[in-house]
Amino acid sequence: MERLTELRFIIGLFFLLTGLLLAGYSFFRGEAGTNLWCGLLFVGFGGLMALFSPKQK
C-alpha cells in the first residue's frame, strides 16, 4: 500500500489505464487512427512511469 503514495506510480497507472481505454476503443471501432497510436504511446509511457517508480519496503 505504500507504493500508492508514490506520485510516479499513480501517474503511471493513470496513463496506463487511459492508454488501454483509447487503444481498446480504437480496436473495437475498427479504426486504426489517432486513438490507437495515442493509446499505445500512453500505455508505453505509463508502463515506464510505473516501472521506474521506487519500490518502498
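Comparison of 9, 27, 45 shows that the only residue that is among the aromatic types (Phe, Trp, Tyr) and buried (at least 17 other Cβ atoms within 10 Å of the Cβ) is 9. Taking residue 9 as the residue in question, decide whether it is in contact (Cβ under 8 Å) with a residue 40 or more places away in the chain, assigned to a helix (DSSP H, G or I), aromatic (Phe, Trp, Tyr) and in contact with a Ser or Thr (Cβ under 6 Å, 6 or more places away or on another chain). Spelling it out, residue 9 is indeed in contact (Cβ under 8 Å) with a residue 40 or more places away in the chain, assigned to a helix (DSSP H, G or I), aromatic (Phe, Trp, Tyr) and in contact with a Ser or Thr (Cβ under 6 Å, 6 or more places away or on another chain).
Of the residues 14, 28, which single one is of a type in the set (Phe, Trp, Tyr) and modelled with pLDDT under 90? Exactly one residue qualifies, and that residue is 28. Among the residues of segment 12-57, write down those that are hydrophobic (A, V, I, L, M, F, W, C), outside any helix (DSSP H, G or I) and either touching a strand residue (DSSP E or B) at 6+ places or on another chain (Cβ under 9 Å) or within 30 Å of residue 2 (Cβ to Cβ) (or both). Listed by number, the list holds a single entry, 52.
The values are calculated or read from the model by the stated rules, or taken from the named source; none is laboratory data. It should be emphasised that the depicted structure is a prediction, and the values quoted were computed from it without experimental measurement. With ideal geometry, Cβ positions are generated from the backbone for all residues, glycine too; neighbour counts draw on all protein chains shown.
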